[in-house]
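J.: Input: one structure, supplied below.
We did not get these values from a lab; they are worked out from the coordinates using the rules stated. Worth saying up front: this structure is predicted, and the values here are computed from it rather than measured. Note that we place each Cβ from the backbone using ideal geometry, even for glycine, and neighbour counts take in every protein chain shown.
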Ligand code: HEM
């Protein structure tokens, strides 16, 4: 079923994008390469979104609902589909943010490039397409599975902010604790599958900023195929640039976090999908406990394998993370 949904999405996307390219490139219209690319992008977007949604459905249907272990004890942190989607998004993001910055800077400096400008736009649309596909896949998958492990559950925000304040560098943690009235002399709460920093700060910020840049980008892309009011377009453009600047800062913060030597095992797990049992035991004790509980099976009283206390959403197999 899942391969069928993926294959149908792929075929429709190829037909749709191919049709848009054929139509826009036919000599019937005297469009320059920049406008042609823009029209191809705008007309391809419904197919890219549809392909992303069908891929998300396919992923949800193929999820396995147990935590996987390797013979050496290593625990599956991310499903292969999750890791692949993370890198599709990262590639699209890097292409889109580089080309977006070039467009912005040559506009501000009133400069010209040593090569035709439409190449910058063309690459920008390719990067944006990858991001739109990845976002549609991710949102569909999470809505269907109800997997909210990257966010604090209801009633858990204060505990997460306390954990976050402990994980931040001390001066910054003190500021967060001071503003929110948290007592840092209390023991830090144990860490689950994802750190408090990831759940209470990193992931929510990604969602807000990526949501903003994608929605404003879609509005900008539709301007030649739909009547978008000038004022809406002006705001969309301003917010698109603002989101780009904030995302550049968030990306640097993400690299600071994931490239820290103490987290190299997590970086490897984003490629290999596994992380050693020892690392999980030491750095993610609450997750380790829930994996062990799951392996022991449901307790006699019916209290079973809840991944973490008071958490919503299913425990999707293979630790299929972000
Ligand atoms: C190209 C450079 C990047 C590298 C090396 C990288 C690496 C990683 C790693 C190692 C993790 C796993 C952390 C863990 O296991 O707890 C992760 C998580 C994540 N990454 Fe990336 N990533 C990159 C780019 C991006 C981009 C461009 C985005 C979004 C636009 C992104 C969004 C996320 C999200 C949402 C998570 C989940 C947890 C969190 O928010 O920290 N990553 N990344």
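J.: For the range 210-276 and the range 94-168, what is the separation of their Cα centres, given in Å?
T.: With the range 210-276 and the range 94-168 each reduced to a Cα centre, they are spaced 2 Å.
J.: Springs between alpha-carbon atoms under 10 Å, Gaussian network over the chain: tell me which of 241, 191, 232 tops the mean-square fluctuations.
T.: Of the options given, 232 has the highest mean-square fluctuation.
J.: Right, next: Ordered by packing density, taken as the mean number of other Cβ atoms within 10 Å over each peptide's residues, highest first, how do 123-136, 158-171 rank?
T.: 123-136, 158-171
J.: To one decimal place, what Kirkwood hydrodynamic radius in Å is obtained for the range 44-178 from all pairs of distinct Cα atoms?
T.: Radius from the Kirkwood sum: 18.4 Å.
J.: Let me ask something else. I want to verify a result. In a Gaussian network model of the chain, Cα cutoff 10 Å, which of these has the top mean-square fluctuation: 85, 174, 38?
T.: Ranking 85, 174, 38 by mean-square fluctuation puts 174 first.
J.: Still on this model: Per residue, how much space in cubic angstrom lies within the convex hull of the C-alpha atoms of the range 174-238?
T.: With only Cα atoms used, the range 174-238 gives 109 Å³ per residue.
J.: For the range 122-168, just say rounded, prolate or oblate: build the C-alpha gyration tensor, square-root its eigenvalues into a ≥ b ≥ c, call rounded for a/c under 1.5, and beyond that prolate if a/b exceeds b/c, oblate if not.
T.: It is oblate, given that a/c is not under 1.5 and a/b is not larger than b/c.
J.: Quick one: helix 285-296 against the long Cα principal axis of the chain, what's the angle to the nearest 10°, folded into 0 to 90?
T.: The two axes meet at around 70 degrees.
J.: Let me ask something additional. Ranking request for peptides 177-187, 105-115, 44-54: highest mean number of other beta-carbon atoms within 10 Å first, then the rest in descending order.
T.: Highest to lowest by the protection proxy: 44-54, 177-187, 105-115.
J.: Test of understanding: in a Gaussian network model of the chain with alpha carbons linked when under 10 Å, which of 261, 71, 152 would top the mean-square fluctuation ranking?
T.: Residue with maximal mean-square fluctuation among 261, 71, 152: 71.
J.: Per residue of the chain, what 222 nm ellipticity follows from adding -39500 (n - 2.57) for every DSSP H run with n ≥ 4, rounded to the nearest 500?
T.: Taking each H run of at least 4 residues, the total per residue is -22500 deg cm²/dmol.
J.: Shifting gears a bit: How would 202, 262 line up from fewest to most surrounding beta-carbon atoms within 10 angstrom? Intermediate values should be presented prior to the final figure.
T.: Working: 202 21, 262 8.
Sorted ascending by nearby Cβ count, the order is 262, 202.
J.: Compute the helix-to-body angle for 80-109: its Cα long axis versus the longest principal axis of the chain, expressed 0 to 90° and rounded to tens.
T.: 50 degrees
J.: Here is a further query. In percent, how large is the relative contact order of the range 1-119, given Cα pairs closer than 8 Å and 6 or more residues apart?
T.: Dividing the mean separation by the residue count of the range 1-119 yields 31 percent.
J.: Rounded to the nearest angstrom and ordered from largest down, what semi-axes does the equivalent ellipsoid of the chain get from its C-alpha gyration tensor (root of 5λ)? Intermediate values should be presented prior to the final figure.
T.: Details: eigenvalues 319, 125, 54 Å².
Over the Cα atoms of the chain, the ellipsoid semi-axes are 40, 25, 17 Å.
J.: Compute the FRET efficiency between residue 218 and residue 66 as 1/(1 + (r/R0)^6), taking r as their Cβ-Cβ distance and R0 = 45 Å, and round to the nearest 0.05.
T.: Working: r = 38 Å, r/R0 = 0.84.
The pair residue 218/residue 66 has a calculated efficiency of 0.75.
J.: Could you state the angle between the C-alpha long axis of helix 203-221 and the longest principal axis of the C-alpha atoms of the chain, as a value from 0 to 90 degrees rounded to the nearest 10?
T.: Taking Cα atoms only, the helix is inclined about 10 degrees.
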